[in-house]
1. Would any residue of region 86-104 have its amide N under 18 Å from a label point 7 Å out along Cα→Cβ of F39? List them or say none.
2. Using only alpha carbon positions, build the gyration tensor of the chain, then give the equivalent ellipsoid semi-axes as the square roots of 5 times its eigenvalues, largest first, whole angstrom.
3. Rounded to the nearest 500 deg cm²/dmol, what is the calculated helix-only ellipticity per residue at 222 nm for the chain, with -39500 (n - 2.57) per DSSP H run of length n ≥ 4?
4. May I ask you to sort E50, E27 by Cβ crowding, counting other Cβ atoms within 10 Å and putting the fewest first?
5. Assigning unit charges at the beta carbon (Lys, Arg +1; Asp, Glu -1) and nothing else, what dipole magnitude in debye, to the nearest 20, does region 33-104 show about its Cα centre?
6. For region 33-104, build the charge dipole from Cβ charges (+1 Lys, Arg; -1 Asp, Glu) around the Cα centre, then report which of A35, G76, G48 sits farthest towards its positive end.
Amino acid sequence: MDTLPDALKQRFIRNAATWSDELRDPEWSVVDLDALRHFDQPALVTSGSESPPFFRAIVDVLVPALPRARHVTFQGTGHVPHATHPDVYLPVILPFLRALAAPA
């Protein structure tokens, strides 16, 4: 948390009640894997090597369910690499987005 900007820390604090409400939703962890298997667009699933272990378990279920998924692990980052390590995040994300925007 020390690497996060103060403004982002404050946003997390302001939204703590919403996050708590989301976790009380009985279906917060339900993912329709069959629907994902029909998603025919490219998907980029990312993770951070320093994220809590439960995130990896989620990625390990999502990636095989998405037919056109690519998985990238950002070494040395946690769950929000776009905020903490944009220098390693952007060189992966921008080419992916540009490829999506390119004419077919």
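1. 93-94, 96-101
2. Values: eigenvalues 124, 89, 36 Å².
Its equivalent ellipsoid spans semi-axes of 25, 21, 13 Å.
3. Numbers: 6 runs with 56 residues, N = 104.
For the chain, the value works out to -15500 deg cm²/dmol.
4. Numbers: E50 13, E27 6.
The fewest-first ordering by Cβ neighbours comes to E27, E50.
5. Values: 5 positive and 5 negative charges, 31 e Å.
Its charge dipole is roughly 160 debye.
6. A35
Computed from the coordinates by the stated procedures, all read-outs in this text should not be read as laboratory data. Note that this is a predicted model, so its numbers are computed, not measured. Note that we place each Cβ from the backbone using ideal geometry, even for glycine, and neighbour counts take in every protein chain shown.
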